[in-house]
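For reference, the structure is listed below as structure tokens.
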């Protein structure tokens, strides 16, 4: 386990949303709330306009719908 910051401008530190569904362990997650409430929110915007069935299923699981 390595803790670091996500940086979209740095190819070695970026973790785009696609990583959540690429089938590999490339996702990121926020620290646990035990580290403080400043880590209690992550904003992820998903455009379902043109996605695969797998991505739609994943989005439904996240949204609970």
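The values are calculated or read from the model by the stated rules, or taken from the named source; none is laboratory data. The model shown is predicted, which means the values in this text are computed figures rather than measured ones. Neighbour counts are summed over all protein chains in view; Cβ atoms, including those assigned to glycine, are modelled from backbone coordinates with ideal geometry.
Could you list, in sequence order, all residues of the range 47-65 that are in contact with a helix residue (DSSP H, G or I) (Cβ under 9 Å, 6 or more places away or on another chain), at pLDDT below 70 and in a loop (DSSP other than H, G, I, E, B)? Listed by number, the residues that qualify are 51, 52, 65.
Do you know which residues across the range 26-39 are more than 21 Å from residue 59 (Cα to Cα) and surrounded by 10 or more Cβ atoms within 10 Å (Cβ to Cβ)? Answer for the range 26-39, where residues must be more than 21 Å from residue 59 (Cα to Cα) and surrounded by 10 or more Cβ atoms within 10 Å (Cβ to Cβ): 31, 33, 35, 39.
One line per residue, one yes/no per condition, for (1) at pLDDT below 70; (2) part of a helix (DSSP H, G or I); (3) under 13 Å from the mean Cα position of the chain (by Cα):
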{"position": "3", "(1), (2), (3)": "yes, no, no"}
{"position": "10", "(1), (2), (3)": "no, no, no"}
{"position": "18", "(1), (2), (3)": "no, yes, yes"}
{"position": "26", "(1), (2), (3)": "no, no, yes"}
{"position": "31", "(1), (2), (3)": "no, no, yes"}
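Residue pairs whose Cβ atoms lie under 9 Å apart, sitting 6 or more positions apart in sequence or on different chains, and linking a residue in the range 1-25 that is loosely packed, with under 10 Cβ neighbours inside 10 Å to a partner that is part of a loop (DSSP other than H, G, I, E, B) and at pLDDT below 80, are 3/31; 4/28; 8/15.
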